[in-house]
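Worksheet: one structure, shown below.
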Amino acid sequence: MFTLLFWKAATERAVATSAQAVLGVIGADVFDYANVNIKATLLIAGIAALTSYCKSLAIAGITDGSPSLGNYEKIKRGDHAA
């Protein structure tokens with residue numbers, strides 16, 4: 001669970017989740033793009049990313065160390081290749 005590959009996979013998920021949160025906030029404010037609160041949007045994105053990391057860690061505890069609940073992503077133990 002604490003390999004470089006695990007953290008790369010978890011980070012990929014966190015970035016995707018935070019981007020989705022930003023798009024959701026901007027999309028919800030579809031009629032007033034000029035007044036989107038950037039600080040609030042970034043805070044929501046950060047919370048979404050943190051939640052994603054927590055989910056990846058929780059899932060790794062019940063799988064073989066994979067951040068994927070379906071265990072579709074195989075992360076080899078001891079494999080630190082990029």
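The values are calculated or read from the model by the stated rules, or taken from the named source; none is laboratory data. Quick caveat: nothing in here was measured; it's all calculated off a predicted structure. Every residue, glycine among them, receives a Cβ derived from its backbone with ideal geometry; neighbour counts consider all protein chains shown.
Brief remarks follow.
- Filter result (free of Cβ contacts under 8 Å to residues at least 24 places away in the same chain and part of a helix (DSSP H, G or I)) within the stretch 17-31: V22, L23, G24, V25, I26, G27, A28
- Among the residues of the stretch 57-66, none qualifies, meaning not one is in contact with a helix residue (DSSP H, G or I) (Cβ under 6 Å, 6 or more places away or on another chain) and either at pLDDT 70 or above or more than 16 Å from T17 (Cβ to Cβ) (or both).
- Looking only at the stretch 1-41, and only at residues there that are of a type in the set (D, E, K, R) and over 14 Å from K55 (Cα atoms), the one that is modelled with the lowest pLDDT: D29
- Considered as a group, the residues in the stretch 12-50 that are of a type in the set (S, T, N, Q) and out of contact with any Ser or Thr (no Cβ under 9 Å at 6 or more places or on another chain) include one that is surrounded by the most Cβ atoms within 10 Å (Cβ to Cβ), and that residue is T41.
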